[in-house]
Amino acid sequence: MTRRTISVGLALLGSLCSAPPASAQGDAQGDVAVVVNPGNPVTNISLADLRKMFAGEKHTWPRGVPVKPVVRAPGCHERLALLRLLNMSEGEYKQHWTAIVLRGEADAEPPAVFSVGMQKEAIAAFPGVISLVDAHDVMPGMKVIKLDGLAPGAPGYLLQ
């Protein structure tokens, strides 16, 4: 593979996963929604439980369905929100999940998808999926759940 091919690939990846414009920060468009399968009965999640799910520390939903985090690819706004949620850098996140897999606590790190459409497909396919989506990108078939009692766009909503 040549440097030019790698550069073009990275440029295309960047176009798929660009952060929202600065003007969108702090409003509903800057918020990141927590989404699940529509059949999931959960309507609210605590910030602590959200962290545990994405850190691989909480493995089941209240009714025993396995939690399946699906994350966006590096560089996406939602991925940056995930790293802030976990208080990790990209490298620390990779090391964290490598350690979990090596200890046998998970088969693999959460799958990273490149588009909202891929997130929607994962949510439809697996009842236990939890994912983070830019609030303005939420699609039919994605159920938004509240975070500490607040919906995206509400004053005090924490995930951006």
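Just to be sure, is P74 under 21 Å from G141 (Cα atoms) and surrounded by fewer than 16 Cβ atoms within 10 Å (Cβ to Cβ)?
No.
Give all pairs with beta carbons closer than 6 Å in which a residue from the stretch 141-160 that is closer than 16 Å to F54 by Cβ meets a residue that is of a type in the set (D, E, K, R); count only pairs at least 6 apart in sequence or on separate chains.
Listed by first residue and then by second, the contacts come to Q160/D31.
For the stretch 56-111, how many residues meet the condition of being outside any loop (DSSP other than H, G, I, E, B), touching a residue at least 60 places away in the same chain (Cβ under 8 Å) and among the small types (G, A, S)?
Number of matching residues: 1.
Among G128, G153, which is more than 16 Å from A81 (Cα to Cα) and surrounded by 14 or more Cβ atoms within 10 Å (Cβ to Cβ)?
The conditions single out G128.
Within the stretch 17-25, identify whether any single residue is within 22 Å of G149 (Cβ to Cβ), surrounded by 13 or more Cβ atoms within 10 Å (Cβ to Cβ) and at pLDDT below 95, and answer yes or no.
Let us first name the residues in the stretch 17-25 that are within 22 Å of G149 (Cβ to Cβ), namely none.
No, the stretch 17-25 contains no residue that is within 22 Å of G149 (Cβ to Cβ), surrounded by 13 or more Cβ atoms within 10 Å (Cβ to Cβ) and at pLDDT below 95.
Among the residues of the stretch 116-132, write down those that are in contact (Cβ under 8 Å) with a residue 24 or more places away in the chain and in contact with a helix residue (DSSP H, G or I) (Cβ under 6 Å, 6 or more places away or on another chain). Spell out how you get there, then give the answer.
Filtering the stretch 116-132 for residues in contact (Cβ under 8 Å) with a residue 24 or more places away in the chain gives 119, 122-124, 126-132.
Scanning the stretch 116-132 gives V129, I130, S131, L132.
Please work out which one of (1) of a type in the set (V, I, T); (2) out of contact with any strand residue (DSSP E or B) (no Cβ under 9 Å at 6 or more places or on another chain); (3) surrounded by 15 or more Cβ atoms within 10 Å (Cβ to Cβ) is the condition V113 fails and give its number.
(2)
Hey, does the stretch 37-53 have a residue that's surrounded by 13 or more Cβ atoms within 10 Å (Cβ to Cβ), of a type outside the set (S, T, Y) and over 22 Å from Q160 (Cβ atoms)?
yes
Okay, residues lined up against (1) small (G, A, S); (2) under 12 Å from the mean Cα position of the chain (by Cα):
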{"site": "R72", "(1), (2)": "no, yes"}
{"site": "H77", "(1), (2)": "no, yes"}
{"site": "L85", "(1), (2)": "no, yes"}
{"site": "G91", "(1), (2)": "yes, no"}
{"site": "H96", "(1), (2)": "no, no"}
{"site": "I100", "(1), (2)": "no, no"}
{"site": "R103", "(1), (2)": "no, no"}
{"site": "V116", "(1), (2)": "no, yes"}
{"site": "F126", "(1), (2)": "no, no"}
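Which of the numbered conditions does Q119 fail, given that it passes all the others? Conditions: (1) over 17 Å from P152 (Cα atoms); (2) outside any helix (DSSP H, G or I); (3) in contact with a Lys or Arg (Cβ under 8 Å, 6 or more places away or on another chain).
Failing condition for Q119: (2).
Any chance the stretch 85-106 includes a residue that's modelled with pLDDT under 95 and in contact with a strand residue (DSSP E or B) (Cβ under 8 Å, 6 or more places away or on another chain)?
No, there is no match, as no residue in the stretch 85-106 is modelled with pLDDT under 95 and in contact with a strand residue (DSSP E or B) (Cβ under 8 Å, 6 or more places away or on another chain).
The values are calculated or read from the model by the stated rules, or taken from the named source; none is laboratory data. Predicted, not measured: the structure shown is a model, and the values here were computed from it. Every residue, glycine among them, receives a Cβ derived from its backbone with ideal geometry; neighbour counts consider all protein chains shown.
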